[in-house]
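To start, the structure under review is shown below, and the notes come after it.
What follows is calculated from the coordinates using simple rules that are stated; it is not laboratory data. It should be emphasised that the depicted structure is a prediction, and the values quoted were computed from it without experimental measurement. Cβ atoms come from the backbone with ideal geometry, glycine included; neighbour counts cover every protein chain shown.
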C-alpha cells in the first residue's frame, strides 16, 4: 500500500484470524505456544521472543516508517537503551543534537559516566560543524527534529548525506516522536534508525506506555533482535493491541493536531504576555515564553481546559514547564544556553475546539500578570 492513510487503517486487516473474518485483529495473551513436534515450531515459541499481536504491530510500524524491521518495546526510554546497548561499547563516542528530550540527555550522561561512552553535542544547523566532530571512535549520531522543547528543525537528509559520505559506518538515529511518519520519514531521508516514544502521538490517548525502533538495514535489525531477546524489553500483548488500534487514526489525528496548533501559534504570538513563540509549522507541539512579570505558577493554576501534565501527543491538551519537569536534571547553565528558561512553556495541542483552547490559554496568561 502506497498511501499512508490506507496503510494505517487497512495494513493490519486480513492478516489474522481468517477463519472468522474479524475486522479487528485478535489479542493473544499467551506467553507459551505448543510445538507440533521435536524441532518444529509455529513461528511462536515464547512471548519474550515474539507474540502474534506484537509481531503484527511491528510489521505495521516497519511499513509506515518504510523500514525493513521494527521492534515494539516497553517505553520510549527503552528504545534508547536498545540502540545504545546494541551499537555502542566502552570507548565508543556519539554525537547528539543539542536540544533533546531531557531524559535522553540523562541517559547519555549515565552511559558516559558509568560505561565510558562519551558524547558531544551539535547545534543542529551547520552540517560541516557536525562532520568536523567525527572521530574514529564515533559510532552513532542521535538527532531529534523538531527538537524538544525549542522546536529546532534539522535537515536530516543533509546530515545523512554529509556523514555517510565520509563515514558510512556511523549510524544516524532520529527521534521521530514529534512529527511521526505522517510528516517525516527519516529512513527515506538517509537515516539508519528511527525511534519513537510511542506513548505519545502513535498511541495518542494517554493510556499506554510504549516505544518503537525501526531500521532500514536488515543486518541492523538482526543485531537489535538478538539484543532484545536477551534483554527482554518487549511490549506486552495488550499494549501492542492498544497501539495497533491507535495507529488507525494517526493520520486524521495528526492533521487535526496540526490545524489546532497552527491556529494557536498564530493567535498566541500576538497576545500580551507572550514574549516569543516557537513552532515548527506542522505537528501539534508549540512552545512559548511568558513575558517578564507574568507568573508561571499563576498561569498553570488558571488553566481550566488544558492540563498541567508531563507528557505529550494525546487528544487532550497538555501544558509542561520543561525547566522543572522534562529537563530538570539538565544543569542550569546548559538549560539556559539552549533557551530553556523558567518562563518557557511547552504545549502539546490536543483535539479540543480551537476557540475553547484559545480562550483558556488567553485568560490564564492574562491572569498570570503580576
Inter-probe distance in nm under a simple model that places probes 7 Å from Cα toward Cβ, at residue 116 and residue 316
4.7
So residue 166 and residue 38, fully extended at 0.36 nm per residue minus their Cα-Cα distance, gain in nm 41.1 nm
Grab the Cα-Cα distance for residue 252 and residue 13, subtract it from 0.36 nm times how many residues apart they are, and report the gain in nm with one decimal.
84.2 nm
Run the simple label-point estimate for residue 226 and residue 137 please: 7 Å along Cα→C-beta, distance reported in nm.
2.5
Could you sort 275-281, 265-271, 42-48 so that the peptide with the highest average Cβ count within 10 Å comes first and the rest follow in order?
275-281, 265-271, 42-48
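Once R0 is set to 30 Å, what does the formula 1/(1 + (r/R0)^6) return for the Cβ-Cβ distance between residue 363 and residue 238, expressed as a FRET efficiency to the nearest 0.05?
Numbers: r = 40 Å, r/R0 = 1.33.
Here the calculated transfer efficiency is 0.15.
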Scoring the chain by relative contact order with C-alpha pairs under 8 Å, at least six apart, yields a percentage of 17
For region 251-366, what Kirkwood radius comes out of the mean inverse Cα-Cα distance, in Å?
14.1
Helix 237-247 versus the longest principal axis of the chain: what is the Cα-based angle in degrees, 0 to 90, to the nearest 10?
60
Spin-label zone in region 286-318 - amide nitrogen under 11 Å from a point set 7 Å from the Cα of residue 341 along the C-beta vector:
289-294
For region 95-205 the mean separation of alpha carbon contacts under 8 Å (6+ apart) over residue count, i.e. relative contact order in percent, is 24
Report, in whole Å, the centroid distance computed from the Cα atoms of region 264-291 and region 293-349.
13
Label model pair residue 295, residue 24: point-to-point distance (7 angstrom along the Cα→beta-carbon line) in nm is 4.7
Can you compute the FRET efficiency between residue 219 and residue 263 using 1/(1 + (r/R0)^6), with r the Cβ-Cβ distance and R0 = 51 Å? Round to the nearest 0.05.
0.70
For a Förster distance of 35 Å, can you work out the FRET efficiency between the beta-carbons of residue 270 and residue 128, rounded to the nearest 0.05?
0.40
Over the chain: helical MRE at 222 nm, DSSP H runs n ≥ 4 each giving -39500 (n - 2.57), nearest 500:
-11500 deg cm²/dmol
In degrees, nearest 10, range 0 to 90: what is the angle between the Cα axis of helix 52-64 and the longest Cα principal axis of the chain?
60
Quick check for you: which residues of region 278-300 have the amide N under 19 Å from the point 7 Å beyond the Cα of residue 324 toward its beta carbon?
287-300
Output the 0 to 90 degree angle, nearest 10, between the alpha-carbon long axis of helix 102-115 and the longest principal axis computed from the alpha carbons of the chain.
60
Note: residue 106 to residue 155 extended length (0.36 nm per residue) minus current alpha-carbon separation gives 15.2 nm
For region 4-248, take the convex hull of the Cα atoms, compute a quarter of its surface area, and give me that in nm², please.
13.9
For region 251-366, calculate the relative contact order in percent as a whole number, restricting contacts to Cα pairs under 8 Å that are 6 or more residues apart.
32
